[in-house]
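The values are calculated or read from the model by the stated rules, or taken from the named source; none is laboratory data. Because the structure is predicted, anything quoted here is derived from the model rather than measured. Cβ sites come from the backbone with ideal geometry, for glycine too, and all protein chains shown count toward neighbours. Areas reflect the complete protein model, heavy atoms only, side chains present, ligands, DNA and RNA absent. Shrake-Rupley method; radii C 1.70, N 1.55, O 1.52, S 1.80 Å.
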Amino acid sequence: SSSSDGEDDGRRSSRSSYDDDSEDSDDSDDSEEEEEPLLKYQRLGTSVQELLDTQGASCVSCSSKVLAVGTHEGKVHVFDTLGHIEVKCFEAHQGTVNDIGFDEHCEYLASCSDDGTVVIVGLYNDDKVVAS
């Protein structure tokens with residue numbers, strides 16, 4: 001009977017050590033989840049601010065290389081990612097620009113508008129395709 005008690009004690013102690021370990025791992029998981037990611041914030045440059053003050057933006061899209069802003073006047077302005085330098089500006093549409101997208105390599109920009117057109121332009125060349 002004492003050997004069976006010893007076996008029970010052994011099982012209990014192994015269970016309790018397992019439970020203690022699992023609680024510790026849960027605590028470490030919780031602390032990792034609670035840790036807030038470090039983010040770097042930076043104000044957009046004055047070129048974007050001036051555009052927003054004068055014309056307003058109907059849509060905005062950002063890639064790894066550029067920031068594009070569509071306006072209610074049908075223009076698309078392309079800035080460096082910090083918003084300091086206007087890389088390109090073109091009158092794409094006769095109505096409000098609704099959305100802007102980039103190709104996989106960020107060489108072309110596509111925009112669509114209330115006027116029913118889609119315009120694709122080259123960011124680093126003069127290519128331009130208009131579809132209605």
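Within region 103-132, being open to solvent by 60 Å² or more (accessible area, probe 1.4 Å) and hydrophobic (A, V, I, L, M, F, W, C) holds for Val118, Ile120, Val129, Val130.
Here Ile100 clears all of (1) more than 16 Å from the chain's Cα centre (by Cα); (2) crowded, with 21+ Cβ neighbours inside 10 Å except the condition numbered (1). Selection over region 74-86 of residues that are in contact with an Asp or Glu (Cβ under 8 Å, 6 or more places away or on another chain) and part of a loop (DSSP other than H, G, I, E, B) gives a count of 1.
Taking the conditions exactly as written (surrounded by fewer than 18 Cβ atoms within 10 Å (Cβ to Cβ) and closer than 18 Å to Val118 by Cβ), does Glu50 satisfy them or not? No; evaluated as a whole, the condition is false for this residue. So which of Glu86, Glu32 is open to solvent by 60 Å² or more (accessible area, probe 1.4 Å), touching a Ser or Thr at 6+ places or on another chain (Cβ under 6 Å), of a type outside the set (Lys, Arg) and modelled with pLDDT under 90? Going through Glu86, Glu32 in turn, the sole match is Glu86.
Region 87-132 holds strands (runs of 3 or more DSSP E) entirely within its bounds, and those carrying 2 or more residues that are over 23 Å from Gly56 (Cβ atoms) and hydrophobic (A, V, I, L, M, F, W, C) map to 128-131.
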